[in-house]
Amino acid sequence: MNYKPILLAIVLISSLFGFTTLQAQTPILSQKSWQPLLEDVGDHAMVGLGEETHWVETYLEVKEHLIPVLHQQKGFNVLIFESGFINAFTTNIDGLQGRPRLEGTLYDLWQTQSTLRLMEYLDQAPDILQIGCDLKGPPSFAFSQYLQKLYQSIGYSEIGRDAYVVDSTFTVLRTRWEPAIGEADRGVYLADSTYQDYRLAYREMQRQIGQEQVKVQREMQLSNKDFQYFLRCFDNRIALLDLMQAPTYQKKHLLRDSMMAQNIRWITETYAPKRKYMLWGADIHLSKDAAWEDLGSEWTANYSMVEWLLQESEVSIYSIGIKPKKSLDKSLRSNFSGPADWYFVPTANIPSFKRQHDALIICRRTKPIKQYLLSKND
């Protein structure tokens, strides 16, 4: 299927606020329609593509249209999802494309027709690297199977069976745990002995495989950078164990955002350096000022993923929040009542969001995602 990105036309520039309106579903292939946004992005090496909340198809449609433009017009060629770091490893190693790539790498809340079309675009753009930064990810036994295959290939079949059991049973445990991650009272999930056993097992696998680097790379046909990626997968498994044991909601947020930022730093500095990066995630993770301290004194150590990056990385970041019109003050909403579906506006024109993002894309109407989710029968 040849993917032709449906770009958007400018229909109005408000002289009062400088709003640029972006008309969705306009079959015009002129990339001038995104020009104000592209000019505002400038020379930034990373663009954050947020969404105020998950489960809204409209936000995914915006990103489906914008990502090809950033790729073609500004040279952005790494797409980092707030989804599984390990899932991206196994999917890329297996060379999956299209729907298998979508289902293998992204949470089900992003498995819609919009993201499927985006995957089809990525299939035809081999210079774009798709990768994940999250220590969590969609449940999958692909890493368990890869571990068993690896050990068998280097002559340790019995250890391979043990490794498969360890990782597959952990996958079952964390699948049971994850739906309640957002509950403030979830607390410590595993018995300490269970936690320590898994942690020790993963560190031992990491040590063994590191010692067999030459053989592993030869038998599994891994480049040096993919071998290092593979070893880092064990760090992510252990970080997920730590997340399951974090006693409070605040500590879970602290650990997850900081680890996602560490993964992004590793991607930008080691795995795919000196490239241009698109970062897909929730607005709260992409905020330049998440203001967690407003929740209480215990939250003062918390930062968003992007805040961690700004403190610890030299990559310049342009953060775009994607929000519904209703998120604005009532006094501003009338500026978004024209015929356009989406509006681009630098946050210099909306002071209440200026500290959080560099710009917003405001959606005049939003569509819930549930009726757009892919089903197993599609």
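The values are calculated or read from the model by the stated rules, or taken from the named source; none is laboratory data. These figures come from a predicted structure and were not determined experimentally. Neighbour counts run over all protein chains shown; Cβ positions are idealised from the backbone, glycine included.
Every residue, every condition in (1) at pLDDT 85 or above; (2) crowded, with 17+ Cβ neighbours inside 10 Å, yes or no:
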| residue | (1), (2) |
| --- | --- |
| 294 | yes, no |
| 303 | yes, yes |
| 314 | yes, no |
| 317 | yes, yes |
| 322 | yes, yes |
| 337 | no, no |
| 356 | yes, yes |
| 361 | yes, yes |
| 375 | no, no |
Among the residues of segment 115-140, count how many are in contact with a Gly (Cβ under 8 Å, 6 or more places away or on another chain), among the acidic types (Asp, Glu) and farther than 27 Å from residue 173 by Cα. 2
Here the residues within segment 201-212 that are within 17 Å of residue 235 (Cα to Cα), over 29 Å from the mean Cα position of the chain (by Cα) and either at pLDDT below 95 or surrounded by 14 or more Cβ atoms within 10 Å (Cβ to Cβ) (or both) are 208
Scan the helices (runs of 4 or more DSSP H) fully inside segment 24-132 and keep the ones with 1 or more residues being in contact with a Phe, Trp or Tyr (Cβ under 6 Å, 6 or more places away or on another chain). 35-41, 57-74, 85-94, 113-123
Mind listing just one residue for me: the one in segment 126-144 that is surrounded by fewer than 18 Cβ atoms within 10 Å (Cβ to Cβ) and at pLDDT below 95 and, of those, nearest to residue 286 (Cα to Cα)? 139
Within the bounds of segment 140-153, is there any residue that is under 18 Å from the mean Cα position of the chain (by Cα) and either of a type outside the set (S, T, N, Q) or at negative phi (or both)? yes
Per the filter on segment 349-378, residues under 23 Å from residue 286 (Cβ atoms) and in a loop (DSSP other than H, G, I, E, B) are 350, 354, 355, 356, 357, 358, 364, 365, 366, 367, 369
Identity of the residue in segment 339-348, in a loop (DSSP other than H, G, I, E, B) and not aliphatic (A, V, I, L, M), that ends up modelled with the highest pLDDT: 341
If I filter segment 235-283 down to residues being surrounded by 22 or more Cβ atoms within 10 Å (Cβ to Cβ) and aromatic (Phe, Trp, Tyr), which single residue comes out as farthest from residue 300 (Cα to Cα)? 277
Give just the number: which of (1) under 22 Å from the mean Cα position of the chain (by Cα); (2) not in a strand (DSSP E or B) does residue 332 not satisfy? (1)
Among the residues of segment 183-200, the number that are at pLDDT 95 or above and either surrounded by 15 or more Cβ atoms within 10 Å (Cβ to Cβ) or β-branched (Val, Ile, Thr) (or both) is 4
Can residue 288 be described as modelled with pLDDT of 85 or more, farther than 29 Å from residue 85 by Cα, of a type outside the set (A, V, I, L, M, F, W, C) and surrounded by fewer than 22 Cβ atoms within 10 Å (Cβ to Cβ)? no
